1. Using the Karplus curve 6.51 cos²θ - 1.76 cosθ + 1.60 with θ = phi - 60°, what ³J(HN,Hα) values do you get for each residue of segment 70-80, in whole Hz, with x for Gly and Pro?
2. Taking Rh as the Kirkwood radius, which is the inverse of the mean 1/r over Cα pairs, what is the Rg/Rh value for segment 29-134?
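Bear in mind these aren't lab numbers, they're just calculated from the coordinates by the rules spelled out. The structure presented is a predicted model; accordingly, all values stated were derived computationally and were not measured.
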Amino acid sequence: MEGRGHGHRGGENPKEREHGHRGGRSERKGYRALAEKPGTHLLFIGARSCSRHKGTVKLELQREGKLTFLVLEEVDWITGGYLEQIAEAAREIAAEKQPEHLVLFGGCQIELLSTDYETLTQNLSRELGIEVRFHKGCHLTGYDPDAMQ
């Protein structure tokens with residue numbers, strides 16, 4: 001187990017030593033799987049508190065230039081202003097980073113508000129001339145963290 005040395009302890013799964021503890025799923029890639037396709041950039045959309053989930057992986061992706069954060073305030077969600085902010089962030093990313101693919105994903109607000117991300121991503125794809133898709137990954141609604149769609 002991480003941070004506890006390398007010796008076998010009672011109850012420890014030997015495969016964890018070999019592959020690192022990953023909840024019994026050594027093949028799991030999480031957010032990294034979203035950025036695997038060359039030319040892909042990720043846009044995380046959420047409240048400040050949501051950005052801390054899987055923080056180390058997100059920070060690594062940000063340092064690699066593969067992830068941008070759009071941190072929204074409560075008023076943005078309440079007024080619906082978040083939709084234009086997402087579109088503006090996508091435009092800025094397209095202009096500055098020139099990705100071939102843009103993946104939107106985020107916090108639970110996305111699920112709670114039942115946003116029509118299909119229409120948003122279709123409109124952005126047409127406007128920007130790149131593939132824009134939405135990754136549904138809210139932990140409140142239950143999801144497959146390894147899903148590619």
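1. 10, 8, 10, 9, 3, 4, 5, 5, 5, 7, x
2. 0.93
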